[in-house]
Amino acid sequence: MAPETLTERLKAEARRLGFDLAGAAPAVVPPGLGHFRRWLEEGFAGRMEYLAARAGAYGHPRHVLDGVRSLLMLAVGYRTSEPAAAGPGQGRVARYAWGTDYHGLVRERLHVLADYHRRLTPGAGVRGVVDTAPLLERDFARLAGLGWIGKNTMLIHRERGSWLFLAALLTSEELAYDTPFTADHCGSCRACLDACPTGALVAPYRLDARRCISYLTIELREPVPRALQGATGEWLFGCDVCQEVCPWNRRAPATWEPAFAPEADLDPADAAELLALDEAAFRRRFRHSPLGRPRRAGLLRNAALVLGNQPVAAALPALSRALSDPEPLVRGAAAWALGRYRSPPAREALRARLPLETHAAVAGEIRAAIAEG
């Protein structure tokens, strides 16, 4: 089949399946490989050791699919409604995590598209991936003409902004390649850099993940550094600040995909209620949700930080109980939060727990909280 015909049919099927954008690019060394390697060398990946462990595989798509010649880059918009304001004791969840875990939905569509490709070209090597393979998706999306990489390091499309899930269909067949997107429409705008609560955007196009709220609340399995705990604010899971202030997102169209619609208890979420979840309840509640990624200890740590950043008296019992949580990560965050209340009940709970605490780091947090309170 001629590359032009194959590409046209694959794009049409992708649109039928619900992909909003599709563009073809050659399988080459990604243009941003050097930037990615320097980013790793600077330590900006933090504790995401899995990136460095397979850094070599990012050098070419053949490490994802042997014999690959082309990539069909795809995008699904996930902007739904505007977020509700978080009230006392409530935490915000990044929009992408409001509904069903997108990995399953996008992967299912990729499987259907891959099967369609195999029917068109029997014997072709085909593989669909959605942000779990060693592939610099944003680089290839730019090569496929889908947009540019903005100063906030997100792929930005002129009409759809950056509220996009990216995916790729790798194939051993030659496709008709789209014109790479070479313009940069960020111009002199600094909205994302100036708005970042933690200063994670250390320069245009350079993100220090170690300071990023999304990294701190999702990827980090340790206590959030004390210097950044207050800056996480009301964010329970992820962060959308650099996207919400981006001018290119103001007119991004909404999606009608029901799987991405916000669940009532996640926009926003009750932080004190989350602190009451045991392991079994957590798994039942979040096994099909992105909020399961930081695991119970990580999410409850985040809930405690939310309650410390916006003290509300009604949350004191939940935080006091969290001082006896099985996880040191949760106990330490609860101690920090109680120290922010600066009230007799909070100090009493901290003093009662201190002689019982066996974890040295948590005991240190309790002492520090007592001193601050």
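For the reader, a short list of remarks on this structure follows.
- Helix 360-372 and the long axis of the chain differ in direction by around 60°, with both axes built from C-alpha atoms.
- Relative contact order of the range 1-108, defined on C-alpha pairs under 8 angstrom at six or more residues apart (%): 32
- Ellipticity at 222 nm from helices only: DSSP H runs of n ≥ 4 in the chain, each -39500 (n - 2.57), divided by the residue count, give -10500 deg cm²/dmol.
- Residue-wise HN-Hα coupling along the range 135-145, computed from phi with Karplus coefficients 6.51, -1.76, 1.60 (Hz; x: Gly, Pro): 9, 7, 4, 5, 4, 6, 5, 5, 4, 8, x
- Mean Cα-pair separation over length for the chain, i.e. relative contact order, pairs under 8 Å, 6 or more apart, %: 19
- 3J(HN,Hα) along the range 52-61, derived from phi through the Karplus expression 6.51 cos²θ - 1.76 cosθ + 1.60 where θ = phi - 60°, amounts to 5, 4, 10, 4, x, 5, 6, x, 6, x Hz, with x in place of Gly and Pro.
- Rounded tilt (10° steps) of 344-353 against the dominant C-alpha axis of the chain: 80
- Legend note: in the chain, cysteines whose Cβ sits 4.7 Å or more from every other cysteine Cβ are Cys186, Cys189, Cys196, Cys212, Cys239, Cys246.
- For the range 285-333, averaging the sequence separation of C-alpha pairs within contact (under 8 Å, six or more residues apart) and dividing by the residue count gives a relative contact order of 41 percent.
- Whole-Hz Karplus values for the range 158-165 come out as 4, 9, 9, x, 10, 7, 9, 8 Hz, taken residue by residue from phi with 6.51 cos²θ - 1.76 cosθ + 1.60 and θ = phi - 60°; glycine and proline positions read x.
- A simple packing score, the average count of other Cβ atoms within 10 Å per residue, orders the peptides 15-24, 36-45, 93-102 as 93-102, 15-24, 36-45, with the highest score first.
- When a 1.4 Å probe is rolled over the protein heavy atoms, the share of accessible surface on the range 161-270 that falls to carbon and sulfur comes to 54 percent.
- Between the entries [x] 21.7, 63; [y] 19.6, 64; [z] 22.5, 76, the label attached to Rg and Dmax of the Cα atoms in Å calculated for this structure is [z].
- Against the criterion of solvent-accessible heavy-atom surface with a 1.4 angstrom probe, Val241, Val112 sort, most first, into Val112, Val241.
- With respect to the chain, whose longest principal axis is taken over its alpha-carbon atoms, helix 295-309 is tilted by about 60°.
- For the chain, modelled as a GNM whose springs connect Cα atoms under 10 angstrom apart, the maximal fluctuation among Val29, Val330, Val68 occurs at Val29.
- Distance from the C-alpha centroid of the range 128-168 to that of the range 29-77: 13 Å, rounded to the whole angstrom.
- Probe 1.4 Å - accessible area at Arg54, Å² to nearest ten: 80
- Relative packing of 216-228, 164-176, 55-67, which averages over residues the other C-beta atoms within 10 Å, highest first: 164-176, 216-228, 55-67
The values are calculated or read from the model by the stated rules, or taken from the named source; none is laboratory data. Quantities reported herein were computed from a predicted structural model and do not represent experimental measurements. As a convention, Cβ positions derive from the backbone with ideal geometry for all residues, glycine included, and neighbour counts pool all protein chains shown. To get the accessible areas, we keep the full protein, side chains included, count just its heavy atoms, and leave off ligands, DNA and RNA. Shrake-Rupley method; radii C 1.70, N 1.55, O 1.52, S 1.80 Å.
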